[in-house]
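Here's the structure we're looking at; comments come further down.
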Amino acid sequence: QDKISVAVAANFISAFKEIAADFEDKTGVKVEATFASTGSLYNQIKNGAPYDVFLSADEERPALLEKEGWTHGTFIYARGKVILWSANKAFCKSATWQDALKNNQIKKIAIANPVTAPYGTAAKAALQKAGLLGTLQSKLVNAQDIAQSFQYATTSAVDAGFCSMSAISTPQEQGGCYYVIAEAPVITQFACVSKKAKNPVCAELFATFLMSDHANKIKKKYGYH
Amino acid sequence: MTIAASLKKRLKYFDVEVSFSCASKSMMVMIGPSGGGKTTIIRMLAGLTAPDEGQVIFGEEVWFDSARRINVTPQKRRLGYVFQDYNLFPHLNLLDNAAFAAVDKKEVDGLFDLFKISHLRKRKPHMVSGGERQRCAICQALARHPRLLLLDEPFSALDVVTRRGLREELKSLKGSLSCPIIYVTHDINEALFLADEILPVVEGKNDDGWMQRTITREPGEGTAAKGAREPRLSLVY
Amino acid sequence: MTIAASLKKRLKYFDVEVSFSCASKSMMVMIGPSGGGKTTIIRMLAGLTAPDEGQVIFGEEVWFDSARRINVTPQKRRLGYVFQDYNLFPHLNLLDNAAFAAVDKKEVDGLFDLFKISHLRKRKPHMVSGGERQRCAICQALARHPRLLLLDEPFSALDVVTRRGLREELKSLKGSLSCPIIYVTHDINEALFLADEILPVVEGKNDDGWMQRTITREPGEGTAAKGAREPRLSLVY
Amino acid sequence: MDYLALYVTLKLALVTTVILMVIAAPIAYLLAYYRFPGKSLLEALVYLPMALPPTVIGFYLIIVMSPKGFIGHAWESLTGGSLLFTFLGITIASIIYSIPFAVSPMKAAFSKIDRRLLENAYVLGLSKRATFLRVIIPNSLNGIAAAAVLVFLHSIGAFGVLLMVGGSIPGETKVASIAIYEAVETMNYQAAGMIALSFIPISYAFLLLINKLNEDSRT
Amino acid sequence: MDYLALYVTLKLALVTTVILMVIAAPIAYLLAYYRFPGKSLLEALVYLPMALPPTVIGFYLIIVMSPKGFIGHAWESLTGGSLLFTFLGITIASIIYSIPFAVSPMKAAFSKIDRRLLENAYVLGLSKRATFLRVIIPNSLNGIAAAAVLVFLHSIGAFGVLLMVGGSIPGETKVASIAIYEAVETMNYQAAGMIALSFIPISYAFLLLINKLNEDSRT
Ligand SMILES: Nc1ncnc2c1ncn2[C@@H]1O[C@H](COP(=O)(O)OP(=O)(O)OP(=O)(O)O)[C@@H](O)[C@H]1O
Ligand SMILES: Nc1ncnc2c1ncn2[C@@H]1O[C@H](COP(=O)(O)OP(=O)(O)OP(=O)(O)O)[C@@H](O)[C@H]1O
Ligand SMILES: [Mg+2]
Ligand SMILES: [Mg+2]
């Protein structure tokens, strides 16, 4: 049976699972996925990890891979937004997310590792722009990636967590509330296909499918545009 | 004070079943073949093994009574017990060993002088000879001001000369102590030398004829061996 | 074949320094006080301990020569050695133990009959008595068709009766073996009963007067003890 | 070089070690000297953390220590604070993770003590408690020291559990093993190498110490 | 439920155990019976993986096994493939990670064998090699079995090292501990719980087995 292996940035997990399932149904090609932060996956690829397709959460790392000759070219497959999510509905009663975070009740805020996770980088930039980074520094809990950040928030391990918009379409989201962080730059997510893909035809087929209307519909459902 | 005991205990190959008593200032010597139950009896007196049935009475105190379900812990019996094998604490030097449970730590010096081991006070047990270790164990037991002294073959692992010296020391000590002493030995000569009373124990029972039979048995008789680890040696000295 | 040895070995408290030889079909008995160096000598013959100086010659073969730096391994000496303490392999039953290095495994049955342990062949060593274990150890050594037989107090841990039985068996066996036998014992009577030749070893040296002194020494003499773990017992039997 | 992470690591290892010594001693004593129904179950329970992937431990710890979990909830109603993502939280995780390494050598040392020494202590009037303190402990120092060293090393190496329940907060829960992981992820190999290198001599020295203790206890 | 990850885990644990038994036996023999210069260094080296954070081990393994590292490079020029992110790669990592747990119980078992048994074997004509096979091994079966069980459990629990050098490739390097981590990350608590739960009985059974072996060896 044909199969491809795909490295997927953590913010895209939910959407990817749905897209991959449809792709398997339609083509019969099996999709094996590895989820981690963008930086982590990039690091693995640099060290020879045999992924056929890389769905990054940023522009920079696929570009680097292209420069290094790992891929023929990169393409945008999604644009995402940062949100601030809390399991506690009272959290969203404030006028702005900045005010909400200034509340003394807020003890811990999760953020994805800004160095490895582009969503973390964007969230950090938003905090900085709001002038809150200094005062909130001691409340920040560093998650390994955006998925862990959301996980900390849903278990109420933290009072609120910076997540990706895609989180709100998951079952775990029920009962929580969120602010969209407009101050955070929109995140342009690039993908690329490996030159050394074991099954180049299937890999390209998947890349094409990723950009199909069908896939776009799923992406939209998860808050990407 | 008098210790009086009536004991029954089921062992694997035979049952222990003895009664005896021993008054203050007197010494009862238990003697008999190896594996005959002597140590088991001593342990029941010390409270380390519970009899199946019987009583142990010390003066007015009941230490053990199977019918009334009384069994006083070893801690509360306040007795001195010199074990068959060396039992000093390896992490302490001789002086600290003897003073371990002493009523008055200053007395230990006098005891060490008496038993001629003062010069070894700072040595750890493994740095002295077997005889010296055993003398320290006696000091340890005596320093506690025991109300009853149990000595289980204290000298059996020692060579003949050291042994004879300690035997003399012990005899002279007997007069100055005011508690009953129960002494276990294999050595008939030692028994005759020390005892106010002798209790021969064979397969767990009192067997008054054993001494006589052992002394007079013809050499080379097959069945003699079991009851006679050192059958004639004692008689020669 | 004759085994001839001249050995020097520095020990902590004294030096071993002996020479002796022993011919085929004859038995040399080594005797002496505890700690005198007997086991050390046997181990040098077996190749388990290297002498500091000297030679060990077996027939035409040189097993050890300090000057020529020859030291044949125990494996190549092809001798039988019954150790002072039981040395059977605990994971094997008696039969497998005896057959462990047998030249012809079928012979083991005959040896077991001779030593009256055939009924125990399937038992593990810890399931039989000390005497039975030691008999199996002798079978193990004999089944190898040794060119030299070393027996280090094989019966010392046993009771008097078993011991006398094995002593007789060994004596009758001596005639049927065609190798030199070196036998270590504490027991003067055993030595007199078995030996073609006696080598008394005291503090590492040959001391021909030792037997005589031990037998006749006055009881109660202080210095006697060291050389006399069982001084008179042997004479009584 | 991430000195803060090294500091948190050493502090965590030290605190874990001290606390575990106190917790493990009575457990080891119980396992070494008593027979009771369910003993082998207790024993297996004590050793379980060694046999479970750290992520399994971490998973269950998140569940019980989060403010909704029963421990986290109790803790919050007592102190008003969260247990996860605090030094206390990773200390608890590290203690659970290292329990087997504390109990096992202590139990071995306690078991090795000659029963007759204890009997002698009883006859000399010492209670069980006094016997434990005056006879068992002083004669098990090698085993206790070995346990301490093992726990210390094992806590230094804790990673999976802390990755899940720690939250990598500098100065609080970001230990060296996580700092290395993050440095490698960001391809900051030099930083990773520096921290990694600093472990080798520390660990090595401790291992030589263990070996020494083992040899001493054999003689 | 992620059966594939469980399958990879068990396969990895099994392969690691079998290989380590063969590697560790001679090392344990050397450490138990010989004295040589540098012995304590060798011993500390063998135990080092226990004392290092898994990320430190992972870090160095990445360095040597990456296509630029000397082992990875040699491997690539031989086979054309990468060593990292393959089953072989995580097997090597797992072996290194578990070495101390194999050597330590074996060494203890070998050391406990009475020297006189070996001497008797020599006198009976057995070479050192034959003595090892016919006397030492049969009398150390408890220790060897304990080593096998420990290594098996420890390999099942390996996480940090594999996270770094494995890359979570389904069917190849994604072991159960990593699957749990990912399941928790993606908030698939049910899946995480299922895998985690499936470990408890396996580990528990093995632990009871270890205890049994220890008790047997004591009598
Ligand atoms: N720990 C034990 N477990 C089982 N049986 C034991 C134990 N200790 C002693 N026995 C058995 O109990 C019986 C009596 O032993 P005990 O030690 O009381 O004899 P003893 O008269 O003191 O012998 P000895 O003179 O050799 O010291 C023997 O049959 C012995 O085998
Ligand atoms: N393993 C050892 N290490 C150090 N010294 C030892 C060792 N074994 C024996 N010795 C010492 O070597 C000397 C000779 O001992 P050896 O065993 O040869 O005496 P032996 O004549 O066989 O005594 P026994 O009759 O008690 O068996 C003694 O002083 C003893 O203390
Ligand atoms: Mg006794
Ligand atoms: Mg000897």
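Just so you know, all these numbers are worked out from the coordinates, no wet-lab data involved. Quick caveat: nothing in here was measured; it's all calculated off a predicted structure. All Cβ positions, glycine included, derive from the backbone under ideal geometry; neighbour counts span all protein chains shown.
Here are a few things to note about the model shown:
- Alpha carbon centroid spacing (whole Å) that separates the range D:171-213 from the range E:150-219: 24 Å
- Taken one residue at a time, the phi angles of the range C:14-20 give Karplus couplings (6.51, -1.76, 1.60, θ = phi - 60°) of 7, 10, 7, 7, 9, 9, 6 Hz. Gly and Pro are set to x.
- Calculated P(r) tail over 14 Å for the range A:31-72, as whole % of Cα pairs: 40 percent
- Both radii are taken from the alpha-carbon atoms of chain A; with Rh as the Kirkwood radius, Rg/Rh is 1.00.
- Normalised size of the range C:80-145, defined as Cα radius of gyration per 2.2 N^0.38 Å with N residues, equals 0.94.
- Net charge over other residues, Cβ less than 11 angstrom from the Cβ of A:F150 (K, R count +1; D, E count -1): -3
- Beta bridges by DSSP in the protein assembly as shown, antiparallel share as percent, to the nearest 5: 55 percent
- Under conditions of 10 °C and 1.306 mPa s, the range D:1-118 yields 99 µm² s⁻¹ as its translational diffusion coefficient, taking Rh as the Kirkwood radius over Cα pairs in the Stokes-Einstein equation.
- Think of each Lys and Arg Cβ as +1 and each Asp and Glu Cβ as -1; about the Cα centre, that makes the dipole of the range B:73-188 roughly 300 debye.
- Residue with peak Gaussian network fluctuation, chain A [Cα springs, cutoff 10 Å], from A:S149, A:S94, A:S86: A:S94
- Computed over the protein assembly as shown, the per-residue total of -39500 (n - 2.57) for DSSP H runs of n ≥ 4 gives a 222 nm mean residue ellipticity of -15500 deg cm²/dmol, rounded to 500.
- Counting from the shortest, the label point at B:S176, 7 Å from Cα toward Cβ, is 6.4 nm from the same position in each remaining copy.
- Measuring max minus min along each principal axis, the C-alpha atoms of the range D:3-218 give extents of 64, 43, 28 Å (largest first).
- Calculated from the alpha-carbon coordinates, the range B:95-209 shows an Rg and a Dmax of 14.9, 47 Å respectively.
- Residue by residue along D:125-135, Cβ atoms of other protein chains within 10 Å of the local Cβ number 3 on average.
- Packing here is the average count of other Cβ atoms within 10 Å per residue, and on that basis the peptides C:100-111, E:79-90, E:139-150, highest first, run E:139-150, E:79-90, C:100-111.
- Close amide H pairs (under 5 Å, H built 1.01 Å from N) link B:Y86 with no residue at least 5 positions away or on another chain.
- Axis-proximal residue, chain E, for the rotation superposing E on D (Cβ, Å): E:G160, 3
- Each principal axis of the Cα cloud of the range C:1-132 was evaluated for its coordinate range; sorted largest first, these ranges are 48, 34, 27 Å.
- The alpha carbon centroids of the range A:75-144 and the range C:45-83 are separated by 83 Å.
- Cα gyration tensor category, rounded, prolate or oblate, for the range E:141-215 with a/c compared to 1.5: oblate
- Size of the protein assembly as shown: Rg and Dmax of its alpha carbons, in Å, are 38.4, 117.
- Within a Gaussian network of chain D (alpha carbon springs, distance under 10 Å), most fluctuating of D:L78, D:L14, D:L45: D:L78
- Nonlocal amide H pairs with A:S194, under 5 Å, H built at 1.01 Å: A:V53, A:F54
- Where Rh is the Kirkwood radius over Cα pairs, Rg/Rh for the range A:1-97: 1.08
- In this calculation the C-beta distance from A:Q1 to A:D213 is compared with R0 = 35 Å, giving a FRET efficiency of 0.85.
- When the alpha carbon gyration tensor of the range E:83-197 is reduced to an equivalent ellipsoid, its three semi-axes come out at 42, 15, 9 angstrom, largest first.
- For the residues D:A179, D:A108, D:A74, a GNM of chain D with alpha-carbon springs under 10 Å puts the largest fluctuation on D:A74.
- Residue by residue along A:131-138, Cβ atoms of other protein chains within 10 Å of the local Cβ number 1 on average.
- Alpha-carbon centroids, the range E:87-149 and the range D:1-31: separation in whole Å: 32 Å
- With eigenvalues of the C-alpha gyration tensor scaled by 5 and rooted, the range A:107-225, Å: 30, 17, 14
- For chain C, the share of DSSP beta bridges that are antiparallel, to the nearest 5, is 60%.
- Förster-model FRET efficiency, 60 Å R0, E:V22 and B:D65, C-beta, rounded to 0.05: 0.45
- Applying the Kirkwood pairwise sum to the alpha-carbon positions of chain B produces a hydrodynamic radius of 18.5 angstrom.
- Inter-chain neighbour count for A:114-123: the average number of beta-carbon atoms from partner chains within 10 Å of each residue's beta-carbon is 1.
- Lysine pair number, Cα distance threshold 30 Å (strictly under), chain D, separation 8 or more or different chains: 12
- The string of couplings for the range A:194-206 from the Karplus curve (6.51, -1.76, 1.60, θ = phi - 60°) is 6, 5, 9, 3, 5, 10, x, 5, 5, 4, 5, 4, 5 Hz, one whole number per residue in order, with x for Gly and Pro.
- Inter-copy spacing of C:G35 label points, which lie 7 Å from Cα along Cα→Cβ, given in nm from shortest upward: 3.1
- Taking amide H positions as modeled 1.01 Å from N, with prolines and chain starts lacking one, the residues under 5 Å from C:M30 and 5 or more places away or on another chain are C:Y183, C:V184, C:T185, C:L199.
- Summed side-chain charge close to A:Q98 - residues other than A:Q98 whose Cβ falls under 12 Å, Lys, Arg +1, Asp, Glu -1: 0
- With its label point defined 7 Å out from Cα along the Cα-to-Cβ axis, E:G80 lies at 6.8 nm from the matching points of the other copies, in increasing order.
- In terms of surrounding Cβ atoms within a 10 Å radius of their Cβ, B:E169, C:E153, B:E60 rank from fewest to most as B:E60, B:E169, C:E153.
- Sorted peptide list for A:22-31, C:65-74, B:139-148, criterion being average Cβ within 10 angstrom, highest first: B:139-148, A:22-31, C:65-74
- Mean separation of Cα contacts under 8 Å (6+ apart) over length of the range D:1-154, as relative contact order %: 33 percent
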